[in-house]
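Before any comments, here is the structure.
The values are calculated or read from the model by the stated rules, or taken from the named source; none is laboratory data. Since the model is a prediction, treat every value here as computed from it, not as a measurement. Here the Cβ positions follow ideal geometry from the backbone for every residue, glycine too, while neighbour counts run over all protein chains shown.
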Amino acid sequence: MSRFVSSCAAVGLIAGISVSALPAGAQTPTYCEPDVGSPANLKTIKHGLLEGYLPPASVPDSLKLLPPPPQQGSLAYELDVANAESTFPLQGTPRWEVAAIDANLHFPEAAAIYSCTLGVPISEEGTPRLYTLLRRTLSDAGLATYKAKNNYQRPRPFMVNGKPICTPDEETLLRGDGSYPSGHTAAGWAWALILSEIAPERRDAILARGVEYGKSRYMCNVHWLSDVQASQVIASGTVAQLHNDPVFRSDLRAARAEVQALRSQGLAPNGNCDLEQRAFQP
């Protein structure tokens, strides 16, 4: 039986029908698709990123979608400054440690960011389709921020307030990379939206972790609050566009099946769950 028929049969069982029972000449339901999936020979693009699902013309235009970043003297800018200052006491705390972990978007480490919230280990070996989905959507959502980033070249908070950041080894790189909007947050929020579809029974917890992921960027003193908020708009638009791609939809279905299978095995997450619990406690 082909993967297409298997996928359709699974949908049919849920609906109480089978593909073979459809009347002659009846159209196949539009939600019944072949399991095309991501190819094995995906290209690696700049900075070691895996090529995304979306062609350049389909990526949301951050420069058109977003207003300019807040200007000095505006109320929005003063809010950015006040928010940054409020995070200074968190340096050296468990929340600061989580912010440093969240900053690492290199795989395989980045795959574990949502593992605790999802409740299963995420790895190339154990969840290959989910692993690929996370890598490819990192490129789609993260790179979607760069038209605005490159245009505005907004200075990052540490360049203004002179305070430490949670990833000091990246300071030189970050100085040359515009702050507005946040590429990390765009990827993190896109992942939260996608994972909430994969595990809808954990939707609220996953989305809450997505909010905390965005907070990590200003707690790390590398982004302003408005950078984070703007990037969530770009992430939402990117995920909406991804649903038009049949390969993404195929990987999404396969990832859901992988997570369900792992959960039935009772395997422990591979994230630092104790640290997250201490960091996120009220």
(request) Within the stretch 127-157, track down each residue that is aliphatic (A, V, I, L, M), under 17 Å from E197 (Cα atoms) and out of contact with any helix residue (DSSP H, G or I) (no Cβ under 7 Å at 6 or more places or on another chain). (result) none
(request) Pull up the stretch 211-236, narrow it to residues that are among the small types (G, A, S) and free of Cβ contacts under 8 Å to residues at least 60 places away in the same chain, then point me to the one that is nearest to S62 (Cα to Cα). (result) S236
(message) Of the residues L252, L242, L262, only one is surrounded by 23 or more Cβ atoms within 10 Å (Cβ to Cβ), in the same structural domain as I198 (by TED's automatic domain parsing) and under 25 Å from P34 (Cα atoms); which?
(response) L242
(message) Condition (residue is over 12 Å from the mean Cα position of the chain (by Cα) and in the same structural domain as A111 (by TED's automatic domain parsing)) applied to the stretch 183-195: is it met by at least one residue?
(response) no
(message) Just to be sure before I move on: is T93 hydroxyl-bearing (S, T, Y), surrounded by fewer than 15 Cβ atoms within 10 Å (Cβ to Cβ), farther than 22 Å from D245 by Cβ and out of contact with any Cys (no Cβ under 8 Å at 6 or more places or on another chain) in the structure I sent?
(response) yes
(message) Quick check on this structure: which one of A261, A205, A230 is small (G, A, S), under 16 Å from the mean Cα position of the chain (by Cα) and more than 26 Å from E170 (Cα to Cα)?
(response) A205
(request) State which residue pairs qualify: first residue of a type in the set (S, T, N, Q) and inside the stretch 62-76, second residue surrounded by 10 or more Cβ atoms within 10 Å (Cβ to Cβ) in any location, beta carbons under 7 Å apart, and separation of 6 or more residues or different chains. (result) S62/A144; S62/T145; S62/K147; S62/A148; S62/P181; S62/I234; Q71/Y77
(request) Within the stretch 147-160, track down each residue that is surrounded by fewer than 18 Cβ atoms within 10 Å (Cβ to Cβ) and closer than 22 Å to Y213 by Cα. (result) P155, M159
(request) Please give the number of the condition G126 fails out of (1) closer than 22 Å to Y218 by Cβ; (2) outside any helix (DSSP H, G or I). (result) (1)
(message) Given the criterion crowded, with 17+ Cβ neighbours inside 10 Å, over 18 Å from A103 (Cα atoms) and not charged (D, E, K, R), identify the matching residue among L267, L225, L195.
(response) L195
(request) Within the stretch 239-267, track down each residue that is assigned to a loop (DSSP other than H, G, I, E, B) and modelled with pLDDT under 95. (result) G266, L267
(request) Collect the residues in the stretch 119-146 that are surrounded by fewer than 23 Cβ atoms within 10 Å (Cβ to Cβ) and either within 13 Å of S179 (Cα to Cα) or among the hydrophobic types (A, V, I, L, M, F, W, C) (or both), keeping them in residue-number order. (result) Y146
(request) Give just the number: which of (1) buried (at least 22 other Cβ atoms within 10 Å of the Cβ); (2) within 16 Å of L105 (Cα to Cα); (3) charged (D, E, K, R) does E212 not satisfy? (result) (1)
(message) Six or more apart or on different chains, Cβ atoms under 6 Å: show the pairs whose first residue is in the stretch 94-111 and modelled with pLDDT of 95 or more and whose second is in a helix (DSSP H, G or I) and polar (S, T, N, Q).
(response) A99/S216; D102/S216
